[in-house]
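Undergrad: Dropping a structure here in structure tokens format, bear with me for questions.
The values are calculated or read from the model by the stated rules, or taken from the named source; none is laboratory data. Remember, predicted model here, so these are calculated numbers, not experimental data. Using ideal geometry, Cβ is built from the backbone for each residue, glycine included, and neighbour counts are taken over all protein chains shown. The area values use the complete protein model at the heavy-atom level, side chains included, leaving out ligands, DNA and RNA. Shrake-Rupley method; radii C 1.70, N 1.55, O 1.52, S 1.80 Å.
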Amino acid sequence: MPERERELVSAQAGLAAAVAVESGPGLGEGTEPVRARGYWEQVWGRFKRDRVAVASGIFIVFLILVAVIGGPIAATILGHGPNDIFFSGVSDNTLLPVGPWTRIADPVNGGTTFFVLGADGLLGRDEFLRILYGARVSLEVAVLSTLGVMIIGVALGTIAGYFRGWIDTIISRIIEVTMAFPALLFIIALAATIGNRLNDVTFGVFGQGVVTLILVFSIFGWFYPARIVRSQVLSLREKEFVEAARMVGASDWRIMRSHILPHLVAPVIVVSTLAVASYVLGEAGLSFLGLGVKLPTPSWGNLLATAPDFYTGQPWLMVWPGLAVLFTTLAFNLLGDGLRDAFDPRASVHH
């Protein structure tokens, strides 16, 4: 071995010995092993660092609990239901609904009953209970409409993006027609013609008008998730794992089901949270115009519709359902933003 090479080897051996001495008796001894983190663990790690998104998620869980069990519990405690009429809930002097924290006579059960947020109008129904039960109705419309649009949108978007060609052309034209269709005019015409018959379809569990809104939102709202899914599938179908599946003889439907759809979970979840917020607003807007949920079924929209009649004397009748709509849509939008950042693999782990 030449002299220069012997010097290099000796220098490297000396450096290794120095590192071993500094590191202790065993190289790497006393250090914790590095544990690989899975995709969902990284997503959860990014999400829980977003305090606004976590707070929004907690609020949404609380809202769901209120919508499912809060109304019946409150009705049991107060001793009356959301549709019970109390003529004593209207002031004899001003002919206005009584205000918050008011105790009124209960001629049916005897004694008195308590209105936490006052009465909702001239029929003297409990505003607090109607907001709680209205949360259930509004969430039924929003969640089931979102489920409908996601099923249609994901199915058509996946088929269009994967097969391309004339199938993609036909579905894309249908998407464009749906986008350009005047949905509000159609809803008005529907309400004026067969709206009453459709509103009577409740399946024994929904209020009047709920099924109609779910169908309308599902028919006219699927194009947005379809466009997003189509763009994702156009990229995914060119990936190596899809080519490998084709090479081993997997059918197109198996590739879409087993290899394409699992990669669509992240955008579908994000779009779904944002869609729920938009349909809460949609239900409130249509019910406010008299085209949505019908009385006596309570919803935030029809509570807002009756409130302007008393805006000078009892302005809080607009405040309570308005705040409910505001906080709910804000929570779903902030949760969607947080999930979008959490699912983004380019987000910094130490953000």
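Undergrad: Using a 7 Å offset from the Cα along the Cα-to-Cβ direction at both Asp309 and Ala250, what is the distance between the two label points in nm, to one decimal?
TA: In this crude label model, Asp309 to Ala250 measures out at 6.1 nm.
Undergrad: On to the next question. Efficiency by 1/(1 + (r/R0)^6): what FRET value for Asn109 and Ser258, r their Cβ-Cβ distance, R0 = 56 Å, to the nearest 0.05?
TA: Computed FRET efficiency for Asn109 and Ser258: 0.40.
Undergrad: Follow-up. In region 126-268, if every C-alpha pair distance is counted and binned at 10 Å from zero, what percent goes to each bin?
TA: 11, 31, 27, 19, 10, 2, 0
Undergrad: Calculate the translational D of the chain in whole µm² s⁻¹ from Stokes-Einstein, where the hydrodynamic radius comes from the Kirkwood formula applied to all Cα pairs, the temperature is 37 °C and the viscosity 0.692 mPa s.
TA: Values: Rh = 24.6 Å.
Rounded, D is 134 µm²/s.
Undergrad: Let me ask another. Tell me the net charge near Gly89. Cut-off is 14 Å between Cβ atoms, Gly89 excluded, with +1 for each Lys or Arg and -1 for each Asp or Glu.
TA: Local charge sum for Gly89: -3.
Undergrad: Compute the long axis of helix 39-48 from its Cα atoms, compare it with the longest principal axis of the Cα atoms of the chain, and write down the angle in degrees, 0 to 90, nearest 10.
TA: Long axis of 39-48 versus the principal axis of the chain: about 50 degrees.
Undergrad: Right, here's the next one. Under a 1.4 angstrom probe, counting protein chains only, how are Met247, Met256 ranked by accessible area, largest first?
TA: Values: Met247 165, Met256 10 Å².
Listed by decreasing accessible area, they come as Met247, Met256.
Undergrad: May I pose another question? Enumerate the whole-percent occupancy of each 5 Å bin, from 0 to the last occupied one, for all C-alpha pair distances of region 160-242.
TA: 3, 13, 17, 16, 13, 11, 10, 8, 5, 2, 1
Undergrad: With a 1.4 Å probe and every protein chain kept in, tell me what percent of the accessible surface of region 198-316 is carbon plus sulfur.
TA: Numbers: 3580 of 5580 Å².
Carbon and sulfur atoms account for 64 percent of the accessible area of region 198-316.
Undergrad: Can you tally the net charge around Val205? Count Lys and Arg as +1, Asp and Glu as -1, for every other residue whose Cβ sits under 15 Å from the Cβ of Val205.
TA: Numbers: positive: Arg136; negative: Glu140, Asp200.
Result for the local shell: -1.
Undergrad: Apply 1/(1 + (r/R0)^6) to the Cβ-Cβ distance of Asn93 and Phe181, taking R0 = 51 Å, and write down the FRET efficiency to the nearest 0.05.
TA: 0.50
Undergrad: Please report the relative contact order for region 72-172, taking Cα pairs under 8 Å with a sequence separation of at least 6, and give it as a percent rounded to a whole number. Let's see the in-between values first.
TA: Working: 122 pairs, mean separation 21.4, N = 101.
In percent, rounded to a whole number, it is 21.
Undergrad: To continue, here is another question. Could you tell me how many degrees, from 0 to 90 and to the nearest 10, lie between the Cα long axis of helix 265-288 and the main elongation axis, the longest principal axis, of the Cα atoms of the chain?
TA: Approximately 10 degrees, to the nearest 10.
Undergrad: Determine the gain in length on full extension of the stretch Arg173-Glu41; use 0.36 nm per residue of separation and subtract their C-alpha separation, reporting nm with one decimal.
TA: Numbers: separation 132, 0.36 × 132 = 47.52 nm, distance 3.97 nm.
43.6 nm is the gain from fully extending Arg173 to Glu41.
Undergrad: Ok, one more. Counting each pair of different Cα atoms once, what's the Kirkwood radius of region 206-305 in Å, rounded to one decimal? Write out the running numbers ahead of the final one.
TA: Values: mean 1/r = 0.0621 Å⁻¹.
Averaging 1/r across every pair of different Cα atoms and inverting gives 16.1 Å.
Undergrad: Any chance you could look up the accessible area of Arg173 with a 1.4 Å probe, heavy atoms only, rounded to 10 Å²?
TA: Result for Arg173: roughly 110 Å² accessible.
Undergrad: What is the set of long-range amide H partners of Arg125 at a cut-off below 5 Å, with H atoms built 1.01 Å from backbone N?
TA: Phe86, Asp120
Undergrad: Further question: With every protein chain kept in the model, how would you rank Ser287, Ser251 by accessible area, 1.4 Å probe, largest at the top?
TA: Largest accessible area first, the residues go Ser251, Ser287.
Undergrad: Rounded, prolate or oblate: which fits region 129-199, taking a ≥ b ≥ c as square roots of the Cα gyration tensor eigenvalues, rounded meaning a/c under 1.5, else prolate when a/b beats b/c?
TA: Details: a/c = 3.69, a/b = 1.70, b/c = 2.18.
Oblate, because a/c is 1.5 or more while a/b does not exceed b/c.
Undergrad: Right, next: Considering only protein heavy atoms, with the full assembly of protein chains and a 1.4 angstrom probe, order Tyr39, Tyr279 by accessible area, largest first.
TA: Numbers: Tyr39 105, Tyr279 25 Å².
Accessible-area ranking of Tyr39, Tyr279, largest first: Tyr39, Tyr279.
Undergrad: Please give the contour-minus-distance gain from Leu215 to Phe163: 0.36 nm per residue of separation, less the Cα-Cα distance, rounded to one decimal in nm. List each step's numbers first, then the result.
TA: Numbers: separation 52, 0.36 × 52 = 18.72 nm, distance 2.81 nm.
Going from the current span to full extension adds 15.9 nm.
Undergrad: Can I ask one more? From the helices alone, meaning DSSP H stretches of at least four residues, give me the mean residue ellipticity at 222 nm for the chain, per-run term -39500 (n - 2.57), in deg cm²/dmol to the nearest 500.
TA: Numbers: 15 runs with 220 residues, N = 351.
Here the helix-only value at 222 nm equals -20500 deg cm²/dmol.
Undergrad: Can you tell me the FRET efficiency between Arg49 and Leu326 if r is taken as the Cβ-Cβ distance and R0 is 25 Å, rounded to the nearest 0.05?
TA: Numbers: r = 26 Å, r/R0 = 1.04.
According to the calculation, E is roughly 0.45.
Undergrad: With a 1.4 Å probe and every protein chain left in place, work out the accessible area per residue of the chain in Å², rounded to a whole number.
TA: Details: 19560 Å² over 351 residues.
On a per-residue basis, 56 Å².
Undergrad: Further, regarding this structure: Given 25 °C and 0.890 mPa s, how large is the Stokes-Einstein diffusion coefficient of region 41-151 in µm²/s, with Rh as the Kirkwood radius over Cα pairs? Kindly include the intermediate steps, with their values, before the conclusion.
TA: On the way: Rh = 16.3 Å.
This corresponds to a translational diffusion coefficient of 151 µm²/s.
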